[in-house]
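The structure appears below as structure tokens.
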Amino acid sequence: MKFNKTRNKVFGALFIIIVVMAFFTLPTGYYLEVPGTAEDTSQFVKVDGKHDKKKGNLLLTTVGIVSGTPYTLLKSLGNNFETIYSQQDLMGDESSEDYFKVQSYYMKSATNSAIQAAYSKADKPFTKKYLGVYVMDVMANSQFNKKLQVGDTITSINGYHFNNADQFIKYVKKQKKNAKVKIQFTRDGKKMTASGGLVKLADTKRLGLGITLTDNTEAKGNPPTKINAGNIGGPSAGLMFTLQVYSQITNKNLKAGRTIAGTGTISPDGTVGPIGGVEKKVYAASEEGATIFFAPNDPVTKEIKKYEPGYVNNYHLALRAAKKIHTKMKIVPVKNLNDAINYLEKTQSK
């Protein structure tokens, strides 16, 4: 009897330990979007082989995506700077591996746009090389499913090389229903080929390869600029990378010893676009000691209000976040690259 009691106590203790461990470590299928980091862009950018050594910082800001456990999900309730997402809401039908591949592409695209915008503003020469179409998704019914992967770049179809995604799509549209096509693509730097037929595209009467694609380009400037963002993904560092590149190729001291943070996508023409998680980025920037934060002031059109009546743009979300954390950091609205540069030049002496 005494042995049974001892055994029951041991099993009971083990059960409690397992439950406690599960509470703190068990994946739930949900994710938390939390404040990330504020990183100095100079460490990622080289112009003519050199990093920027001027005093001050131009900080890109990130959000963190962490797997939700029962403990972290419970702890996040009521926290203004942590948001719970299901995997479907965050990644759609993509696997986590494909999701992060796409985020990596978005960063690459952002750095290319940053180089184009900076060199155009500085009136410096640059070239734009077309690499092919980047595969963003492959439909389940596609005959190229399992042959193509997210992250592949298609360089030709039936030996035909194209100059943009539109040309590629138009070529595929001209193919007959039972046509077989051969594509050449690159994966991790290796050239590969695959063949297959066309399939009916979802929600349309058209035929296609059954892939989601976008242009894959590479911009090079003179003097040469290289941007290596490491493991940071997404398009939201575009503005801050543009400011970093512009300040180096023009040798202008935009920082003037200040710690400047911000966020926003960048288009080659300098337009700054909205991003997600701006409140978390304000928090991260304030924690890093930034005194200025650039927030996209995207226009709230009648069309947006029609489909999303409660929409609040990035700038006003950033203002709300700054008020909640009682930061003295100045939230500066920007619609384009000129807005950011003009503000930094006008406030240098201050």
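Rolling a 1.4 Å probe over the protein chains gives His161 an accessible area of about 120 Å².
Using only the C-alpha atoms, the convex hull of the stretch 130-217 corresponds to 86 Å³ per residue. Multiplying the residue separation of Ile304 and Ile16 by 0.36 nm and subtracting their alpha-carbon distance yields 98.6 nm. Hydrodynamic estimate: the Kirkwood radius of the chain over Cα pairs, inserted into Stokes-Einstein at 20 °C and 1.002 mPa s, corresponds to D of 93 µm²/s.
Accessible surface area normalised per residue over the stretch 130-217 is 58 Å², counting heavy atoms of protein chains with a 1.4 Å rolling probe. For the pair Lys146 and Asp188, the difference between a 0.36 nm per residue extended length and the Cα-Cα distance amounts to 13.5 nm.
Cross-link check: pairs Lys46/Lys191; Lys121/Lys306; Lys108/Lys280; Lys101/Lys128; Lys121/Lys255; Lys306/Lys330 evaluated at a Cα-Cα cut-off of 27 Å; pairs beyond the cut-off: Lys46/Lys191; Lys121/Lys306; Lys306/Lys330. Sparsely packed loop sites in the stretch 49-101 (the trypsin sites (Lys or Arg not before Pro) outside DSSP H, G, I, E and B with at most 11 other Cβ atoms within 10 Å) comprise Lys53, Lys55.
Between the beta carbons of Ser267 and His161, assuming R0 = 35 Å, the FRET efficiency works out to 0.85 to the nearest 0.05. FRET efficiency for the pair Lys55 and Ile169, taken as 1/(1 + (r/R0)^6) with r the Cβ-Cβ distance and R0 = 45 Å, rounds to 0.40. Which percent of the accessible area of the chain is formed by carbon and sulfur heavy atoms (probe 1.4 angstrom)? Looking at the chain in its full context, I get 52 percent from C and S.
Computed from the C-beta positions of Asp123 and Gln43, the FRET efficiency with R₀ = 30 Å rounds to 0.65.
The values are calculated or read from the model by the stated rules, or taken from the named source; none is laboratory data. Small disclaimer: the values here were computed from a predicted structure and weren't measured. All Cβ positions, glycine included, derive from the backbone under ideal geometry; neighbour counts span all protein chains shown. These accessible areas exclude ligands, DNA and RNA; they are computed on the full protein's heavy atoms, side chains included. Shrake-Rupley method; radii C 1.70, N 1.55, O 1.52, S 1.80 Å.
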